[in-house]
Amino acid sequence: MMPLPAPRLCAVSVDLDEITNYFDIHGLPPPSGDLAHVVYQVALERLEAFAASQNIPLTLFVIASDLAHSKNSQILQRLASRGHELANHSFDHFYDLTRRSKEEMKAQVIDAAEAIERHTGVRPGGFRAPGYLITDELVDVLREAGVKYDSSVFPCPAYHAAKALAMGRIRFQGRESRSILDHPRTLRAPTRPYRLGRPFRCRGQGPVELPIQVTRGLRLPYIGTSLTLAGEKGALWLTRMVIGEPLVNLELHGIDWLDRFDGLSALEGHQPDIRISLDRKLLIFAGVIQRLRASGYAFVRLDEAAEAFGARG
């Protein structure tokens, strides 16, 4: 008998970058008061309700320093108890993490894992680098720290070009972004799951890498921002461009569950997705989930995807 084909998998992950990180990206003065915690205090409840309505598990990438707020820890404990995965998004979300010493990188990875476990009771097995920036040195740190999988590689020319233009515009306007532009060599990395080699964009025997999703052909970004900006029809067109991939690694952010009515008027002129209403975003994301499910995709957490593709070699 011929072996059965491997099932198609889809994993929905959410980077829990707080609003302060977006002010840092655009070189704006940091927010204060409740606005600084709006992702945890507002977006996560909406996200949890959406996941329940769509019957999908989530992988939540946690910045460990946010757990200094006890309410944030309690929210994550509840989400973990309901079957969602908690993963490591570093301790402080330094955008220049890969430009720091190996000792600093190790502290950002290991201290974050320990803090997440201490505050939530869950030891994270996965890692995603701030700003998707990864280097061979950071991969070495992940190996030494016993990280089971990474999901940082984003081989997307369109995203790279858009980020370069945005950073240039910010400089032209007299502000300084804390974001860092990745080296173009990342664009040559595989688009499907593989084991990290050296250099990291080559296949090897390291931890499983689950790249951020891009479409076939032009490698267009298949992430929350691109879907919402594309609108309902555009999002479904992009979805058709990923159907057939063995894993659809759909990466979202907590800010995708917010809009300008959540006190984000200061970001409205800098983050175009803030101008899109929450209701429309929910409609777009629900349509995407339903289309993928109708195409035979089973929804799993990233740790489950890493286990499946690690077993396939």
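The values are calculated or read from the model by the stated rules, or taken from the named source; none is laboratory data. Not measured: the values here are computed from a predicted model. Cβ sites come from the backbone with ideal geometry, for glycine too, and all protein chains shown count toward neighbours.
When you scan the range 267-311, how many residues do you find that are surrounded by fewer than 18 Cβ atoms within 10 Å (Cβ to Cβ), touching a Lys or Arg at 6+ places or on another chain (Cβ under 6 Å) and touching a residue at least 40 places away in the same chain (Cβ under 8 Å)?
Residues meeting the conditions: 1.
Tell me, which strands (runs of 3 or more DSSP E) lie completely within the range 180-298 with 2 or more residues that are of a type in the set (A, V, I, L, M, F, W, C)?
247-253
Anything in the range 70-93 that is of a type in the set (Gly, Ala, Ser) and either within 13 Å of ASP15 (Cα to Cα) or buried (at least 23 other Cβ atoms within 10 Å of the Cβ) (or both)? List them, or say none.
Answer for the range 70-93, where residues must be of a type in the set (Gly, Ala, Ser) and either within 13 Å of ASP15 (Cα to Cα) or buried (at least 23 other Cβ atoms within 10 Å of the Cβ) (or both): ALA87, SER90.
Do we have ALA113 as hydrophobic (A, V, I, L, M, F, W, C) and either more than 19 Å from VAL12 (Cβ to Cβ) or crowded, with 19+ Cβ neighbours inside 10 Å (or both) here?
For ALA113, the condition - hydrophobic (A, V, I, L, M, F, W, C) and either more than 19 Å from VAL12 (Cβ to Cβ) or crowded, with 19+ Cβ neighbours inside 10 Å (or both) - is met.
Quick check on this structure: which one of GLY224, GLY206, GLY234, GLY254 is surrounded by fewer than 17 Cβ atoms within 10 Å (Cβ to Cβ) and either closer than 20 Å to LEU16 by Cα or small (Gly, Ala, Ser) (or both)?
Every option except GLY234 fails the conditions.
Quick one: in the range 29-56, which of the residues that are outside any helix (DSSP H, G or I) and crowded, with 17+ Cβ neighbours inside 10 Å is nearest to the chain's Cα centre (by Cα)?
The qualifying residue nearest to the chain's Cα centre (by Cα) is ILE56.
Among all residue pairs at least 6 apart or on different chains, which show Cβ distances below 9 Å where the first residue, located in the range 29-49, is closer than 15 Å to VAL62 by Cα and the second is assigned to a helix (DSSP H, G or I) and of a type in the set (Phe, Trp, Tyr)?
Going by the 9 Å Cβ cut-off, the qualifying pairs are VAL39/TRP257; ALA43/TRP257; LEU44/TRP257; LEU47/TRP257.
May I ask you to verify whether ILE212 is within 21 Å of HIS160 (Cα to Cα) and either surrounded by fewer than 24 Cβ atoms within 10 Å (Cβ to Cβ) or modelled with pLDDT under 95 (or both)?
The answer is yes for ILE212.
Considering only residues that are within 27 Å of THR98 (Cα to Cα), charged (D, E, K, R) and in contact (Cβ under 8 Å) with a residue 24 or more places away in the chain, which ones fall in the range 191-245?
Across the range 191-245, the qualifying residues are ARG192, ARG195, ARG198, ARG201, GLU209, ARG219.
When you scan the range 133-143, how many residues do you find that are under 14 Å from PRO155 (Cα atoms) and buried (at least 23 other Cβ atoms within 10 Å of the Cβ)?
Going through the range 133-143 one residue at a time, the tally reaches 1.
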